[in-house]
Amino acid sequence: MTARVHVVGAGVAGLVAALALARGGHAVTLHEAAPVAGGRCRALPDGTDNGTHALMGANHAALRFLDAIGARGGWVEPEPEGLPMLDLADGSARRIAAAPMAWRDPALRPPGMSAGGLFALLGMALPFTDRPVGVALAKHPALLRGFVEPLTVAALNTPVAEASSARLGQVLRRLGSAGAARLLVAREGLGPDLVAPALAALRDAGATIDLGTRLRALTSADQRITALHMAEETITLDPADAVVLALPPWEAAKLIPGLRVPERHAPILNLHFARRGAGPVRFVGIVGGLTQWVLVRPTGVSVTVSAADAESEDSAEALAPRAWAEILRAAAAFALPGDWPEPPPPCRAVKERRATPRHAVGIAPVAPRMVMRNMALAGDWTWPGLPATIEAAARSGEAAAKAIATRLPRPVAGAASLRRVNA
Ligand SMILES: Cc1cc2nc3c(=O)[nH]c(=O)nc-3n(C[C@H](O)[C@H](O)[C@H](O)COP(=O)(O)OP(=O)(O)OC[C@H]3O[C@@H](n4cnc5c(N)ncnc54)[C@H](O)[C@@H]3O)c2cc1C
């Protein structure tokens, strides 16, 4: 009898875990409540990304996964010369390097960078204290405004008044090595450049993919999961079967009584403008307005507003003209190619109210990797070494697959490749 692993949740964490297990020769079924895979990294029915997602060169597990599914070539570096940043307050437009090594070139240094500012950043990179980022950088307001705040809000999805300097330190420590601060985005979108190749790789490895099936409850006995109660059926597990639960924290908490999970979340708002235009993919930062980041693709222009506590209550009609006016200033400041008409093109607002946990000062609950003898947890919130990001999700998926694989009967040698031949 072949043991089967049921991976529940087809976000990045579940996709990574399922592929590692299926390529390891194990029988895998991936169950997903939504009609599409990808979770918070999904494409909407019209092909638009749920929200703009950026990776950094330091995101080794995420890039490993893109390599594993043959999708690495779809992720491009839009701003290799440094991130273009416009400050709306004084109209200053400059390129900033996120990598400290590149700050040897004064032209690429963040505004307000001084020896004292560098020292303050080093202080955050060393994990001795935890305080709000805004407090840690209070003596360096220009550096905070022009570099640290945009980085904090993007990476931690938490306003600097409450964001944890220790959490930001986890990010800063990773920016030091060569290539670590390269920023990458999907050339076409999350659908073609992440989700579709991941599902194709899973099918190729023999996994079964079950979309539109919600896990409602679990039954356990003797510290083992014995049944999965899906919306439409109950799946009884054989004694050797196993489960990877790759769910957001609030769903995991519903299914596992007593599990401690992050309870406070922060929203991310994306505005997608239907502006078409030839030219390369571009990525521009804006300080001092509504818009934080602008992704320009030939198929559209997307605005990201992280930690959008206030803005997520506003309508697209109210937000679009404000954001578009800011985009026009950025397009002029950085001579973005193509036509930039005065009236805003049609705009769609996508609000993810629980985009990530809030990474505030204080100790976050640490999730156990194994919660039963045959069930592992995965998900961005379960990886303690990073804020909740694609990288954290990918690492958690790898770790869950590894933890489960050691408890499974050894697969028949070559099982995965045999299935591929027979498929
Ligand atoms: C708008 C936005 C922008 C972001 N930008 C970035 C970025 O630029 N860079 C970055 O690194 N990260 C970014 N993130 C964070 C990143 O998307 C997440 O960290 C990552 O996608 C989490 O993956 P996951 O697999 O842990 O969880 P999820 O993606 O939430 O996956 C969980 C899956 O489980 C499914 N599910 C839930 N309940 C059940 C159930 N009962 N039964 C079956 N299935 C269930 C869900 O439908 C979902 O598909 C962003 C997030 C958002 C929302």
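Only the coordinates and a few stated rules stand behind these numbers; no lab work does. A quick note: this is a predicted structure, and the numbers were derived from the prediction, not measured. Cβ atoms come from the backbone with ideal geometry, glycine included; neighbour counts cover every protein chain shown.
Numerical summary
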| item | result |
| --- | --- |
| Förster radius 41 Å - calculated FRET efficiency between Ala221 and Asp339, Cβ distance, rounded to 0.05 | 0.05 |
| Those trypsin sites (Lys or Arg not before Pro) in the range 74-141 that DSSP places in a loop and that have at most 16 other beta carbons within 10 Å | Lys139 |
| Rg/Rg_ref, the chain, where Rg_ref = 2.2 N^0.38 Å and atoms are Cα | 1.01 |
| 3J(HN,Hα) from dihedral phi, the range 63-79, Karplus parametrisation 6.51/-1.76/1.60, rounded to Hz, x for glycine, proline | 5, 4, 5, 4, 4, 5, 9, x, 10, 4, x, x, 9, 10, 9, x, 10 |
| Relative contact order computed over the chain (Cα-Cα under 8 Å; 6+ residues apart), in percent | 25 percent |
| Three-way shape label, the range 189-275, alpha-carbon gyration tensor, a/c 1.5 | oblate |
| Whole-angstrom gap from the range 358-390 to the range 77-135, using each part's C-alpha centre | 29 Å |
| By average C-beta atoms within 10 angstrom, highest first, the peptides 240-248, 174-182 | 240-248, 174-182 |
| Dipole of the chain, positive direction: furthest Cα of His26, Ala102, Gly11, with charges on the beta-carbon | His26 |
